[in-house]
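To start, the structure itself, in C-alpha cells.
Derivation of every value follows stated rules applied to the coordinates shown; laboratory data play no part. Since the structure is predicted, the reported quantities are computational estimates derived from the model, not experimental observations. Cβ: placed from backbone, ideal geometry, glycine included. Neighbour counts: every protein chain shown.
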Amino acid sequence: MSNDEKKKVLFVMGIDHNLVRLLNEETNLNKENMMIMQRYHPVISHPFDDLMRDIIIAVYQENVEEIVVVYTNDDQQNTQDILNKLVETKELTDKIQTLDYLFKNTKPEFPKSKVSEWLQGGKTLTEEVQKTVNMIQHHPLLPSDIKVKELFIEQENEKLSEMVKETIEYY
C-alpha cells in the first residue's frame, strides 16, 4: 500500500467497521484521501456488475490512483454460517429445491448449478479476491496506471498483509 499521503486510495472491503478503524490507524493516508466502498464481500462476479461500475465511477469522479481490495479470514466463515442457516430453515427448503432445479436447468441465466454455490461464490474467498483484483487491473474502462492491490487482514491479531501475486486473466 502506498505511503503517499496525497494519493487518493479506494478501499473495497467487507462491512466490518473494525476494518475501517484499522485502516485509519495503519495507513499513512489522510482521511480525506481514503475512500471506503463496503459490501458484504469485496468480490466482483462479472466485469460489468454493479460493484465494478461503482469502482469505475469513483476512479474518474474522485481521481483515485490506487485501489485496494481488503478481506479477512473471518469473511469465509461468516458465509458458511449463513448458508447453514438458510439450509436449516424449513420454509426455505422447497424454495431452495425449486431454485436448484432452475439453476441447474436454465443456464446461462444462472451462473452456478445450485443456490448454495451461487451464495458462497468461489471455492475460497482468497481465490475470488484474486479474480476481483485481476478484473479491476485488466478492465478496459479503467486507466492502465491505476495500481490495484489485495490486502489480507488477520482478524485475531489485526495484522495487515499486502498480497503480491502474479495474476491470470479470468475474463
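Using every pair of separate Cα atoms, the Kirkwood estimate puts the hydrodynamic radius of segment 8-93 at 14.6 angstrom.
The ranking of SER45, SER144 from fewest to most other beta carbons within 10 Å of each one's beta carbon is SER144, SER45.
The phi torsions of segment 55-72, fed into the Karplus equation with coefficients 6.51, -1.76 and 1.60 and a -60° offset, translate into couplings of 5, 4, 4, 4, 4, 7, 6, 9, 6, 5, 10, 9, 10, 10, 8, 10, 8, 10 Hz, rounded to whole numbers, with Gly and Pro shown as x. Residue pairs exceeding 19 angstrom between C-alpha atoms, taken from LYS95/LYS131; LYS7/LYS31; LYS85/LYS114; LYS8/LYS131; LYS6/LYS131; LYS8/LYS147: LYS95/LYS131; LYS8/LYS131; LYS6/LYS131.
Computed from backbone phi, the HN-Hα couplings of segment 29-42 come to 10, 5, 4, 6, 9, 9, 10, 10, 10, 10, 7, 4, 10, x Hz, rounded to whole numbers (Karplus: 6.51 cos²θ - 1.76 cosθ + 1.60, θ = phi - 60°; Gly and Pro given as x). In sequence order, segment 92-106 has phi-based couplings of 8, 4, 5, 5, 5, 4, 5, 5, 4, 4, 5, 4, 6, 10, 10 Hz under the Karplus curve 6.51 cos²θ - 1.76 cosθ + 1.60, θ = phi - 60°, and Gly or Pro positions carry x.
Annotation: amide H of LYS149 within the under-5 Å range of ILE67, VAL68, VAL69, sequence separation 5 or more or interchain, hydrogens built in the peptide plane. Label point of TYR60 set 7 angstrom out along Cα-Cβ; within segment 6-23, amide nitrogens under 18 Å from it belong to 10.
Residues whose amide H comes within less than 5 Å of that of ILE36, counting only those at least five positions distant or on another chain, are PHE11 (H built at 1.01 Å from N in the peptide plane).
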